[in-house]
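The values are calculated or read from the model by the stated rules, or taken from the named source; none is laboratory data. The model shown is predicted, which means the values in this text are computed figures rather than measured ones. Here the Cβ positions follow ideal geometry from the backbone for every residue, glycine too, while neighbour counts run over all protein chains shown. Ligands, DNA and RNA are excluded from the accessible area calculation, which covers all protein heavy atoms including side chains. Shrake-Rupley method; radii C 1.70, N 1.55, O 1.52, S 1.80 Å.
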Amino acid sequence: MNAPRSRFLLGFLLAALVIAGGLSYLASPDPDGLDSVTLHGCTVSGTAAGEQLDGTCIAQNATESHTAASPLADYAVGGRDGTTGLAGVIGVLVTALLGRLLFRVLRRPGDGARAPSGAEPGKD
Amino acid sequence: MVATYTAMHMSDGLVNAPTAAVFGLIAAVGLAICASRARADLDERTAPMAGLVTAFVFAVQMINFPILPGASGHLLGGALVAILVGPWVGSLCIAIVLVVQALLFADGGLTALGTNITNMALVGTFTGYAIAWALRRFAARSRTGLLVTAFVAALVGTVVAALAFVFEYAVGGAGGAGLETVFGLMVGLHVLVGIGEGIITAATVAAVAAVRPDLVYLLRGTRPALTLRTPGTGAAR
């Protein structure tokens with residue numbers, strides 16, 4: 001009943017790519033639970049400079065991200081509309097790569113060649 | 001006043017600097033412990049799985065689903081990773097997602113990374129795992145048991161992660177809303193988010209269990225074969 005591991009892992013990666021690359025266009029644009037709370041008490045209006053918050057709310061204390069100038073900021077490539085899917089695919093590949101690297105480094109050696117604990121390479 | 005709020009996670013400035021620093025330290029110590037404990041759970045079968053679980057959580061976090069008119073929610077992923085790859089590895093999966101989101105996608109502030117990691121990677125994951133572990137025999141018994149376990153673990157994990165934000169706001173919030181208001185709204189909204197989280201978590205866990213039940217950490221933990229396969233390591237931790 002078990003699917004071959006490589007095919008299973010490939011399917012898992014494809015699912016992530018389809019979700020980030022395609023399904024992401026269907027995501028709700030409304031603020032999420034946390035943002036809804038931090039915006040509670042404010043009315044939001046769009047201005048040339050960005051979003052204007054009138055009233056009193058937690059989000060008024062928020063400062064712009066240090067990485068706001070990133071070419072992938074706000075899940076768009078170079079700030080272009082309609083590139084959410086591409087940004088998502090890049091994100092999937094980057095997180096998959098980082099995960100693979102970290103967990104390979106942390107992984108104990110294979111059966112029969114187990115290193116004694118305490119004599120292992122660095123964690124980060 | 002101009003603020004960025006389109007991000008999904010805590011921005012910089014919502015809690016004061018000392019609070020952000022303290023939770024940065026808590027997150028760093030927590031992840032170091034997770035990295036040390038994760039070794040016992042990683043082998044040539046589970047390590048590639050953990051990498052892909054990380055990417056999968058990143059992808060699903062992009063999908064905001066409506067919870068109320070004008071409000072949405074998205075997967076946090078703590079219970080999902082805990083059930084699939086265990087809490088130690090799972091916390092690291094979520095932390096990778098949060099770091100990539102903050103650095104590349106300007107989603108969640110850099111100084112807020114400590115609070116975001118504490119809430120979602122540590123509190124959400126370990127709460128979800130505690131619930132799932134308590135129900136593990138029920139989960140191993142039937143497909144329905146696994147679905148219910150995953151749903152409940154994800155729902156509770158989401159609400160408790162939301163409570164962690166309320167705690168941080170109580171400790172060093174920048175102000176703008178009363179604590180009781182923040183508590184009521186966070187819990188109320190995250191019960192709704194948690195229902196979505198529960199559905200996604202249950203569906204994903206069931207899909208993995210249908211084709212590769214051996215890759216579901218929670219189910220392996222219910223079988224003695226796990227300790228037989230790895231004599232002398234991991235089992236005592």
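A few notes on this one:
- Taking (1) open to solvent by 10 Å² or more (accessible area, probe 1.4 Å); (2) at pLDDT 95 or above; (3) more than 18 Å from B:L219 (Cα to Cα) in turn, B:A121 satisfies each apart from (1).
- A:L53 meets the conditions (1) assigned to a strand (DSSP E or B); (2) hydrophobic (A, V, I, L, M, F, W, C); (3) open to solvent by 40 Å² or more (accessible area, probe 1.4 Å) in every case but one. The failed one is (3).
- Counting only residues that are open to solvent by 10 Å² or more (accessible area, probe 1.4 Å), under 18 Å from the mean Cα position of the chain (by Cα) and within 20 Å of A:S6 (Cα to Cα), segment B:48-64 holds 2 of them.
- Considering B:L104, B:L31, B:L76, B:L110, the condition of being open to solvent by 10 Å² or more (accessible area, probe 1.4 Å) and without any contact (Cβ under 8 Å) to a residue 12 or more places away in the chain is satisfied by B:L104 alone.
- Here A:D32 clears all of (1) more than 30 Å from A:V92 (Cβ to Cβ); (2) of a type outside the set (S, T, N, Q); (3) at the interface with chain B (Cβ under 7 Å from one of its Cβ atoms) except the condition numbered (1).
- Every residue from segment B:1-28 that is open to solvent by 40 Å² or more (accessible area, probe 1.4 Å), out of contact with any strand residue (DSSP E or B) (no Cβ under 9 Å at 6 or more places or on another chain) and modelled with pLDDT under 95: none
- Failed condition for B:G109, given (1) more than 16 Å from B:L192 (Cα to Cα); (2) touching a helix residue (DSSP H, G or I) at 6+ places or on another chain (Cβ under 8 Å); (3) within 11 Å of chain A (Cβ to nearest Cβ); (4) assigned to a helix (DSSP H, G or I): (4)
- The requirement of being in contact with a Pro (Cβ under 9 Å, 6 or more places away or on another chain) and either at pLDDT 95 or above or within 10 Å of another protein chain (Cβ to nearest Cβ) (or both) is not satisfied by B:A95.
- In segment B:139-190, residue surrounded by the most Cβ atoms within 10 Å (Cβ to Cβ) [restricted to those that are in a loop (DSSP other than H, G, I, E, B) and either within 17 Å of the chain's Cα centre (by Cα) or on the phi < 0 side of the Ramachandran plot (or both)]: B:A177
- Scanning segment A:14-50 for residues that are part of a loop (DSSP other than H, G, I, E, B) and either open to solvent by 20 Å² or more (accessible area, probe 1.4 Å) or hydroxyl-bearing (S, T, Y) (or both) returns A:G22, A:A27, A:S28, A:P29, A:D30, A:P31, A:H40, A:G41, A:A48, A:A49.
- Among the residues of segment B:66-111, the one identified as aromatic (F, W, Y) and closer than 24 Å to B:A132 by Cα is B:W88.
- Residue list for segment B:139-189, filter: hydrophobic (A, V, I, L, M, F, W, C) and facing chain A (nearest Cβ under 8 Å): B:A162, B:F165, B:A174, B:A177, B:V182, B:L185, B:M186, B:L189
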